[in-house]
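Following: one structure in structure tokens, then a few remarks.
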Amino acid sequence: MKKFITNQLIFIFFCKQYGGYIYLAIMLNHSKYILIIMLKDVNLNEPMNLTLKNDYAFKRIFGKEENKDILSAFICLVTEMNEEDFEELLIEKEDILNIRINFKNGQDAKIVMNLLRGENPEERTIIYWANMYYEDFNKSFGYDYPNKYIFINIVNRNFLTNNKLHSVYKMLETEKYTNFSDLLEIHFLNLRQIPTEKRNVLEDWLLFIETEQEEVRNMLAEKNPLLKKVNKQIKEFFNIEKNKELYLEAEKSSSDL
């Protein structure tokens, strides 16, 4: 049990469970106000609504070695790269889904896939890129490696600049918009902008990631064999007790952001 030191004494009047929630009534010492706190009561034995917006679930599914076909297809949908040009796709880190693609023409690209559910996704992306470039440069790769860094950020919030579902950012000259360098390419996929009907293939994938409804995933899986493969793994996901615990930990971390 954690112990917190404070100059205020806290009195708990009652702790009651009702309707799936736990209610705490507390009052600080010398205060005339009572604070009611409502906490969600989670039972690991009850069925849970799974969403791939959960950081752990997303990386657990997309970061599997046996799911490279799923990862590759999604990357190509977002970036419009051609999978036939790939020589090799390597998953270097699973914690932030750090991927390296070796192309048949000898070029390389590093791709980072992130679920950014907190604040400041723009600033966090720039910091990730700066750290990666610095690390690679210090590994004696020099200025010629890699040929490109691509960030694919899946977010659940609108931007100040636009409300597009798919935004692509590059380094451009501000007057004639000529390309300064292909070294950096940033994609933001906004889950809040998924259309309710007449969706394209990428939008179906994003809905599959966003939804908590099993029937929606089943419907989308019937149209796409790769999503059908993912859907099967999702159904098996909570058969593993450790997955439940880590899923809930990831949910708590995202709610604390």
Some residue of the stretch 202-212 being in contact with a Ser or Thr (Cβ under 8 Å, 6 or more places away or on another chain), within 22 Å of Asn114 (Cα to Cα) and assigned to a helix (DSSP H, G or I): yes
Residue within the stretch 197-213 that is more than 20 Å from Glu80 (Cα to Cα), in contact with an Asp or Glu (Cβ under 8 Å, 6 or more places away or on another chain) and either basic (Lys, Arg) or at pLDDT 90 or above (or both) present: no
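Residue-wise test of (1) exposed (fewer than 14 other Cβ atoms within 10 Å of the Cβ); (2) at pLDDT 75 or above; (3) at negative phi.
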residue: Gly142; (1), (2), (3): yes, no, no
residue: Pro146; (1), (2), (3): no, no, yes
residue: Asn156; (1), (2), (3): no, yes, yes
residue: Leu165; (1), (2), (3): no, yes, yes
residue: Tyr169; (1), (2), (3): no, yes, yes
residue: Thr178; (1), (2), (3): yes, yes, yes
Of residues in the stretch 230-257 being closer than 21 Å to Arg157 by Cβ and out of contact with any helix residue (DSSP H, G or I) (no Cβ under 8 Å at 6 or more places or on another chain), the one modelled with the highest pLDDT: Glu251
Looking only at the stretch 98-111, and only at residues there that are surrounded by fewer than 20 Cβ atoms within 10 Å (Cβ to Cβ) and under 24 Å from Gln233 (Cβ atoms), the one that is nearest to the chain's Cα centre (by Cα): Asn98
Selected residue (only one of Asn29, Asn82 is exposed (fewer than 12 other Cβ atoms within 10 Å of the Cβ), modelled with pLDDT of 50 or more, of a type outside the set (Lys, Arg) and outside the structural domain of Lys235 (by TED's automatic domain parsing)): Asn29
Residue in the stretch 114-127 that is modelled with pLDDT of 90 or more, part of a helix (DSSP H, G or I) and surrounded by fewer than 15 Cβ atoms within 10 Å (Cβ to Cβ) present: no
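The values are calculated or read from the model by the stated rules, or taken from the named source; none is laboratory data. Owing to the predicted nature of the structure, the values given are computational and were not obtained by experimental measurement. Please note: Cβ atoms are built from the backbone with ideal geometry, for glycine as well, and neighbour counts cover all protein chains shown.
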